[in-house]
Every structure is written in C-alpha cells, then in structure tokens.
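The values are calculated or read from the model by the stated rules, or taken from the named source; none is laboratory data. Everything quoted here is computed from the prediction, not taken from an experiment. Cβ coordinates were reconstructed from backbone atoms using ideal geometry, including for glycine residues, and neighbour counts include every protein chain displayed. These area figures cover heavy atoms from the full protein model, side chains too; ligands, DNA and RNA do not enter into them. Shrake-Rupley method; radii C 1.70, N 1.55, O 1.52, S 1.80 Å.
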Amino acid sequence: AGGAARPSGHSCSNPEISWALPDTSHVSHDDLTSQVGEVLLYYCYCEVRDPEKLCAWQKALCQHLHLTGKVRVASEGINGTVGGSKVATSLYIKVMLSQPLFKNILCQEDFKSSAGGAYCFPDLRVGVFKEIVPMGIDPKIVSYKETGIHLSPQEFHREVEQYLSQATQGQSDTILLDCRNFYESKIGHFQGCLAPDIRKFSYFPSYVDENLELFKDKRVLMYCTGGIRCERGSAYLRSKAVCREVYQLKGGIHKYLEEFPDGFYRGKLFVFDDRYAICSNEDIISACRYCGVLWDQYKLCSSQHCRQLVLTCPSCCNKGLTACCPVCQEKELKVTSRASGQTLKEECECTRRRPRVPIEHGSPRMLDAGK
C-alpha cells in the first residue's frame, strides 16, 4: 500500500528522565487556566526503565500546567488524553517533545487535538500500569514491535475506496475492521466496516480467537480512535498467522477526519471524556433507545449502580425514560427510596443479553452508513 512501512518499534538506550518543568512566569494565570482550550490525545511506545519516575514527572507537569485528564504509564511507553487552555497544551507538547525519553520517537503530528479544555475531565489521573492500552495480554507476549503496516490517512482513504467498490460487486478479499467497543461504533464508523459487538478492548483477543475463519487469507484494514488500540490489536491478529496482511490507520479516526471530514467515516467520533463525542459531519447514524428517532448524544444511565451509556432523546428524557434498560429503570426507583450511599451490583438487560465475545457466523456482519 504505497510507501507504507511496518515500524520495528523503538528500542532506545533508556535515556535518563528529565524532571524539567516549563517556565510559566511569562504567562498570565488567566491564560494558563482559560476554559477555552483543547483536548490532546497521544501515545508513545518506547522502553521505559523507571515507569514510577516518569509517572511522578508527568503528574507534576500536568498539575503545573493546570491540565486534567488521564495518563497511563508502563514499561512499554505512555498513553494520555489531557485537557486545558491552548497555552497550557502548547507548553505540554513542547516539553513532551524535549523529554530525552521521547526524543526522536514522539513528534508534533503524534498529538491529536480537538476543541475542549480542562472542564472535559472531572480530575487528573496519572498511574503506572502493565499496559498503556488495556488489552489484557502481557506486552512481552504480544508486543507493539510486531504491529501491522501503518497507512497514512490518504493511503487508508484510497484503500477503503477500493474496498467499497469491490464489496458492492461481491469481489472483496478485504475486511475493514473497527476494533473499538460497540457503543463507539454505534454512533460513528466507516462505511462497510465489520464492528465487533464487544464492550471492552480486553475482549478483542477472544473475539479474534473465536472468529479466526473470518480472517483467514484476508487483507485486514484496521482502525480505532487515535491508533493505539490498533498497535496491539494488529500485533495480536498477526500473531495468529491467518491473515494475508494486516494494515492499520496511522493516527486513527482523529487524523483521518482532519484530512477527510466528509470522507468514508460517517457519524460522530466517540471520545473518553465528558464530551462523549465530537463531530466532523452532520450525519446521525444511531437512534434513541426508546422511540427510534435519530439521536447520537450519549448520557450515563440514570440508575446509580450502572455505568452504561444510553441514547435517549429529549422527548423520552422528559417522560422519565433515562435508564439504559427497563431493569435499570426499575432499580433506579428502588435505589432512590433507600438510604443514600447504598450501591447495587451492575446487572441489567444490556449486559445479560450481550455475549462477552460474539461469534460471527458465515460472512462478517458489515455496517453501512450512507447519507
């Protein structure tokens, strides 16, 4: 696919982590804490000798710049999404690029940005984990160094165009694979994609194992939000040695939409913060859970014990239909009549009816989203 290449991973000489924080004496407090700003999404795979030290520096850096968000640090690298003023995020990128650990690995283009700010996250959470993206497989067993072939947004666009043209004639040997969760692909996805009905990325390996026949001798085009899930997901798929070749969208949907806002991706892009979604086109491809009217703005289930997301339109909300399912709707009434602070275990129709690892029978279930 053009000049695409498979990175071999970054095996650096483990440079010492710099504790440097940017000088903010020339910046006013108002500019540093402005509500008008942006949200950054990035990741960097590299060998980290001292994750705890990197974590401590990262926390100090974010606090210094009044950033909120989530940052995962591991021996295999760093993965973050942070929000703040544009002055703060600009300083953050500058310092990250000058950090010896990431030099010659991380670059300006690796930071995906969207309108937002510190208000998009309830707080700042920085921690050390085994994986920087939770797939549930030891990085030593399935490494980011064995990833698929990276395609630029332009190359991926051409591949999808060719795939859709062949698919309409029933001649395609390609699978366009969305490796995100079901509630993400529900409100936005590439036309003609295969979107697994999984609730967590940690279920993706089991999905692949249960559906190896689907991928046999196929060319697979993978995509996700910002690219990080494809790094490990493509490596896992390649480890099964059933596909002809595995490609992935570099920079994910985020970068694709920057260049093709009205391309083959339709609907909204789900994001893991209080915005829930960002958009680049006017298409609405999902519907209200209760009345079926076109609707794509998520809310948390109103039942205190549940963390499911629900699509319920204003009209249905006004009728009190604010839970993800009837079981949760009923539990909400019971909980509100009990002592405050009491919690119940999540148990609702949504989770009971959805198999943890769906099995695709015959031809893969493709999702289409035309205007």
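Once region 33-53 is narrowed to residues that are in contact with a Leu (Cβ under 7 Å, 6 or more places away or on another chain) and not in a strand (DSSP E or B), the residue that is surrounded by the fewest Cβ atoms within 10 Å (Cβ to Cβ) is CYS46. Out of curiosity, is ASP138 at pLDDT below 95 and assigned by the TED database to the domain that holds TYR265? It is false that ASP138 is at pLDDT below 95 and assigned by the TED database to the domain that holds TYR265. The residue of region 205-225 that is farthest from CYS243 (Cα to Cα), among those that are of a type in the set (S, T, N, Q) and under 22 Å from the mean Cα position of the chain (by Cα), is THR225.
Residues that are crowded, with 19+ Cβ neighbours inside 10 Å and either at positive phi or assigned by the TED database to the domain that holds CYS301 (or both) do not occur anywhere in region 214-222. Looking at region 82-121, which of the residues that are open to solvent by 30 Å² or more (accessible area, probe 1.4 Å) and outside any helix (DSSP H, G or I) is farthest from THR68 (Cα to Cα)? Across region 82-121, the extreme among qualifying residues is ASN104. Restricting attention to region 156-177, the residues being under 16 Å from GLY263 (Cα atoms) and open to solvent by less than 50 Å² (accessible area, probe 1.4 Å) number 7. I need a count of the residues in region 73-91 that are touching a residue at least 60 places away in the same chain (Cβ under 8 Å) and in contact with a Leu (Cβ under 8 Å, 6 or more places away or on another chain). Of the residues in that region, 4 qualify.
The set of residues in region 54-68 being open to solvent by 10 Å² or more (accessible area, probe 1.4 Å) and not small (Gly, Ala, Ser) consists of CYS55, LYS59, GLN63, HIS64, HIS66, THR68. When region 256-275 is filtered for residues that are assigned to a loop (DSSP other than H, G, I, E, B) and open to solvent by less than 50 Å² (accessible area, probe 1.4 Å), the ones remaining, listed by number, are PHE260, GLY263, PHE264, LYS268, VAL271, ASP273.
All of GLY170, GLY136 fail the test of being free of Cβ contacts under 8 Å to residues at least 12 places away in the same chain and at positive phi, apart from GLY170. Number of residues in region 244-255 that are over 28 Å from GLY69 (Cβ atoms) and crowded, with 21+ Cβ neighbours inside 10 Å equals 2. Residue-level check: of (1) buried (at least 21 other Cβ atoms within 10 Å of the Cβ); (2) under 26 Å from SER239 (Cβ atoms); (3) under 14 Å from the mean Cα position of the chain (by Cα); (4) touching a residue at least 60 places away in the same chain (Cβ under 8 Å), SER202 misses just (1).
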